[in-house]
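S.K.: Take this structure first; my questions come after.
The values are calculated or read from the model by the stated rules, or taken from the named source; none is laboratory data. None of the values given here were measured: they were computed from a predicted structure. Every residue, glycine among them, receives a Cβ derived from its backbone with ideal geometry; neighbour counts consider all protein chains shown.
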Amino acid sequence: MCRHYLRRHFPSLEADDILQETFAALAKALPNYHYDPQEKGHFRNYLVGILRNKALMALRKQKRDEEVLAEYVTAGGPRLSRPTTGETPVVPVVGAAEAGAAALVATEGDWRQAVFEIALQQLMADPSIHDRTKQIFVRTAIKQEKPDAVATALGVSRNVVDQQKRRTLAKFKVLVAALKGVV
């Protein structure tokens with residue numbers, strides 16, 4: 001019933017993640033829940049209420065993640081060539097602690113660009129992230145390819161592409177936030 005509700009009302013969300021969060025919240029709330037159908041209605045309605053709230057929270061999080069990515073894309077995305085004359089070079093860094101000393105920037109725009117580039121380099125250098133996940137992230141988030149086309153090209157489902165993009169984008173957002181705090 002829960003999976004059907006999510007597919008019908010929130011088709012863009014990964015149902016398994018929302019279901020897991022819903023049942024975790026339900027397990028936490030059940031010790032204090034007293035079932036009285038006359039007073040509170042059917043348990044099914046209570047469960048759908050939790051499910052709906054978790055789905056709405058996930059949609060808000062997805063929107064925030066997309067805003068971070070849009071900020072990155074409007075900042076110019078990754079530089080694929082060396083800086084031209086007059087530009088301040090950006091030194092690639094793997095450790096966030098050294099980022100402040102290594103990223104030499106002249107203006108606020110350069111600083112933002114450097115933070116995004118360093119975060120992207122750190123993300124791509126992370127050995128805990130599978131190569132296919134990195135490829136999905138680059139193709140959908142950076143190159144703005146359609147998720148359906150990426151799913152077909154990689155031989156995975158659209159849900160896998162959406163889920164991997166969302167999770168990798170969350171990691172990217174954490175790296176950006178950490179670098180903004182250090183730099």
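S.K.: For the subset of the stretch 130-183 comprising residues that are among the hydrophobic types (A, V, I, L, M, F, W, C) and in a loop (DSSP other than H, G, I, E, B), which member is surrounded by the fewest Cβ atoms within 10 Å (Cβ to Cβ)?
M.R.: Val156
S.K.: Next question, about the same structure. Where the second residue is of a type in the set (S, T, N, Q) and in a helix (DSSP H, G or I) and the first is outside the structural domain of Val160 (by TED's automatic domain parsing) and under 14 Å from Leu59 (Cα atoms) and lies in the stretch 11-38, which pairs have Cβ atoms under 9 Å and are six or more apart or on separate chains?
M.R.: Ser12/Gln62; Leu13/Gln62; Glu14/Asn159; Glu14/Gln163; Ala15/Asn159; Asp17/Gln163
S.K.: State yes or no: is Arg52 at pLDDT 80 or above and either small (Gly, Ala, Ser) or under 26 Å from Asp162 (Cβ atoms) (or both)?
M.R.: For Arg52, the condition - at pLDDT 80 or above and either small (Gly, Ala, Ser) or under 26 Å from Asp162 (Cβ atoms) (or both) - is met.
S.K.: Tell me yes or no: at least one residue of the stretch 174-183 is more than 21 Å from Leu13 (Cβ to Cβ) and charged (D, E, K, R).
M.R.: Filtering the stretch 174-183 for residues more than 21 Å from Leu13 (Cβ to Cβ) gives 175-183.
Retained after the next criterion (residues that are charged (D, E, K, R)): 180.
So far as the stretch 174-183 goes, yes, one or more of its residues are more than 21 Å from Leu13 (Cβ to Cβ) and charged (D, E, K, R).
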